[in-house]
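See structure below.
FYI, it's all coordinate maths here, none of it is from the lab. Keep in mind the model is a prediction, meaning the values are calculated, not measured. Glycine also receives a Cβ, built like all others from the backbone with ideal geometry; neighbour counts cover every protein chain displayed.
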Amino acid sequence: MNVPSIPPAAFATFPRKSTTPSVQTMTPDEITRLIFRTALKERAAFDLLYRHTSAKLFGVCLRILQDRAEAEEALQEVYVKLWTRADRFAASELSPISWLVAVARNHAIDRLRARKKPARELDEATDIADPAPDPETMAVAGGERRRIDACLEELETDRAKAVRGAYLNGDSYAELAARFGVPLNTMRTWLRRSLISLRECLER
Amino acid sequence: MTTAEHNGPERRDDDMVAAEYVLGVLPADERASVAQRIATEPDFARLVDAWESRLAPMAEAYQPVEPPAALKQAIDRRLFAASAPAASRPGLWSSLALWRGLAVAALLALAVYAGLTYTSLPLFQQPGQEQGGAQRLIASLAHDDTDVRYLVIYDGAKRDVALSHVAGDRPAGRDFELWTIEGDAPPVSLGVIPTGSSVHLALSEALGKAIERGAVFAITTEPLGGSPSGAPTGPVVALGDLREI
């Protein structure tokens, strides 16, 4: 076979396909790559992933746990989980940010449920108004948010509130039942019907 | 199953359980049993994923808050303190270098196995010399928890993926399936990887474009003949992204 000699130096490094993105312009593709490289135990990728996503995930933990020290502890646990289980992302159909938020949300909610004392002492905290999302986020996924908002508006006001409260604050069936003054089973029926309507609306 | 049983006569259909889990309203014990099902029942896990994805736009309402600077150091201490005291990470880097060395050896072996003629192989050209803009990309697919190693070479001109088996056997009664994943799109199967040390898979134009845009590769173990649903069901045993060569 006609094999030319190959300088070994040609193989010394495989240049990365993309250059390091700046903080503001991480695309979903770039975050996907960081998650995969984290799964391969590249610490540099893990550091970048943290730099680009920790503020969002800390926001999730803070809002659900309503306690700064506990949210900091939860965020640490979330990134430990991400380091050890980043490969699971490959089997998921979620966008990278949705997947990261799901990991953080589920972890924070599990922590909230594991508390011995009543989960929420600061009741007013649950009524934090949703601040308007920043324009950049709007540009990326504004359409999807408007769509789910429109579908929530089709529900009765109380039920839409309960769905949002549960999703954003991690309210339990028991807490929602107490807040809206209905029996727990009624609340469960409400929310299940609301979820079914929501799905129908989103798939319309 | 278990979730349904311990909630009395009312049979809770899986999709509703998935929705309630994602919404976050279940008590601790039910959340724990749902988490268990997610880990062990791929079909159920997909229902959960679908609800995560439906409700995800609500998460835009979470306002980012910068965590304290010391927090990342605390995470690093938890994860890496035992292995590396200060900023040293020679262990990782040298193992990466080793793996890259292995990839080079495999690449050369692959080129020989595949009987590619070097004259038609722009492998060793400098970047920018590619003919007609066709790309040639390489990915080393690996995973820390397995010994499975594959090397992938994508040839843009021929829309061909050459796969070289470097190490690690498929479990008895299971197949390896190759996937590409582009951004937030669902993984697309390139098919079951045939046995053999070096194999080729032909690609559609759309898949070739996805790969050129930076899609990553992953290998999962699946039932013989490949995933029945068209989406990955088994664990990822190797993955990697493409680099230019």
Below 17 Å, Cα to Cα, which aspartates and glutamates can A:LYS161 reach? Residues fewer than 8 away in the same chain don't count. A:ASP123, A:GLU124, A:ASP127, A:ASP130, A:ASP149, A:GLU153, A:ASP171, A:GLU175, B:GLU20, B:GLU60
When you look at the Cβ of every residue in A:50-56, what mean number of other chain Cβ atoms sits within 10 Å? 4
Arranged by the count of other C-beta atoms within 10 angstrom, fewest first, what order do B:ARG31, A:ARG204, A:ARG105 take? A:ARG204, B:ARG31, A:ARG105
Averaged across orientations, what area in nm² does the convex hull of the alpha carbons in region A:137-204 project? 4.7
Using the Karplus equation 6.51 cos²θ - 1.76 cosθ + 1.60 (θ = phi - 60°), what ³J(HN,Hα) coupling, rounded to whole Hz, does each residue of region B:150-160 give in order, writing x for Gly and Pro? 10, 10, 10, 10, 9, 10, x, 5, 9, 6, 10
